[in-house]
Structure formats: structure tokens, C-alpha cells
Amino acid sequence: ISFDMPHIHEKIDFTVDVFIVFENKVLLIFHKKHNMWLQIGGHIELNEDPDEALFREVKEECGLDIEIIGERQPKFEMKGTKFLYAPAFMNIHDINQTHKHIALIYFAKAKAKSDKFVLSEREHNDIRWFSREDLDKPEFNLNEAVKFYAKELLNKA
């Protein structure tokens, strides 16, 4: 769920969402504009592919070095072709009555010794690692989609 940028296309925009794990905890940010805990993410800009967007968003929003869980497919070179990371999930969801987002949802792990995130104060009020137990705590009031993807990541990692 990403709604932080002006729309690129009138009806449908493509976005990347990145759920990051480190030592059985998932990183979430408290989004200023939406007043809720969300994963790292944002629009895929017109001049970038999904891989470029996901690494840019992670750097901008938390500064972590990550590894995508899953691989680029297939494992051979083809001139003029770049194989991209396959998202763990994809969905299309309403942003408002006239606009939708197609979300490419990735799972990643923070590289060792790099769990020290940086808060992007422009967009977020808070950032923290959530344990599986934290995901269900009422005080965080996480939406069901965020909980689902975070738990799926913890099951995989």
C-alpha cells in the first residue's frame, strides 16, 4: 500500500513495496501523511525499472543494505534483456474512486551488521523493527495487509 507520491498515470500507477527482515523482525515505518505503520515503498518512476525503484526506495527511506529474498530468473545472459527480481506477491488496489496502484511486493533481508536504519524525517515519524508478537499488538493498529505480508516474510526467512 503506497500512496505517498503524486500520481504518474491518470488511472493506474505501479509501485514497489519492500518488507525487510533482520533477526526475525520486520522493519516498518510510521508514515506521516497516512498516520499508520507501513512497509518501505513508493512509485516506480518513469525512468526506472522495478529493481531500481525498490533499491532506491530502501536507500531513501531507511538507508539499509538489503538482499532480495528470491532470485532473478533465469540465470543466463541475453543481449538487450535484463532479468528482474520476481516479486513475492503482486496486487492491484484502490487508492481512491478513480485511481489504482499495482503493487509489486518484495521480501528482503538486511545484510549482516546493517540493521541500523536511518529515519527519513521528510516522510516518516517513526521507524522500528517489529517482532511477530508486535504485529498483533493493538497499540500499533496494523492494517491486515501489512500484517499478512510481514508474517509471510517471517515464515519464509
Query raised in the report: For residues in region 55-87 being charged (D, E, K, R) and touching a residue at least 24 places away in the same chain (Cβ under 8 Å), which is nearest to Ala108 (Cα to Cα)?
Result: Glu67
Report task. Name every residue in region 22-49 that is among the hydrophobic types (A, V, I, L, M, F, W, C), open to solvent by 10 Å² or more (accessible area, probe 1.4 Å) and either under 8 Å from the mean Cα position of the chain (by Cα) or over 12 Å from Ile127 (Cα atoms) (or both), in order of residue number. Result -> Phe22, Ile44, Leu46
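Yes/no matrix, rows are residues, columns are (1) in a strand (DSSP E or B); (2) under 21 Å from Phe117 (Cβ atoms); (3) modelled with pLDDT under 95:
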site	(1), (2), (3)
Leu54	no, yes, no
Lys59	no, yes, yes
Gly63	no, yes, yes
Glu67	yes, yes, yes
Gly70	no, no, yes
Ile92	yes, no, no
Asn96	no, no, yes
Leu104	yes, no, no
Report task. Kindly establish whether Phe3 is surrounded by 13 or more Cβ atoms within 10 Å (Cβ to Cβ), more than 10 Å from the chain's Cα centre (by Cα) and either closer than 24 Å to Leu142 by Cα or at pLDDT 95 or above (or both). Result -> yes
Requested in this report: Hey, could you check region 112-143 for residues that are part of a helix (DSSP H, G or I) and either over 20 Å from Ala88 (Cα atoms) or at pLDDT below 95 (or both) and say which is least open to solvent (accessible area, probe 1.4 Å)?
Outcome: Asp134
Query raised in the report: Inside region 90-111, can you point out the residues that are open to solvent by 60 Å² or more (accessible area, probe 1.4 Å), in contact (Cβ under 8 Å) with a residue 24 or more places away in the chain and not hydroxyl-bearing (Ser, Thr, Tyr)?
Result: Ile92, Lys100, Lys109, Lys111
Query raised in the report: Pairs under 6 Å by beta carbon, first residue closer than 27 Å to Thr81 by Cβ in region 30-54, partner assigned to a loop (DSSP other than H, G, I, E, B) and open to solvent by less than 10 Å² (accessible area, probe 1.4 Å), six or more apart or different chains?
Result: Gly41/Ser2; Gly42/Ser2
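The values are calculated or read from the model by the stated rules, or taken from the named source; none is laboratory data. None of the values given here were measured: they were computed from a predicted structure. Every residue, glycine as well, gets a Cβ built from its backbone with ideal geometry; the counts of neighbours run over all protein chains shown. Note: accessible area is taken over every heavy atom of the protein model, side chains too, but ligands, DNA and RNA are not part of it. Shrake-Rupley method; radii C 1.70, N 1.55, O 1.52, S 1.80 Å.
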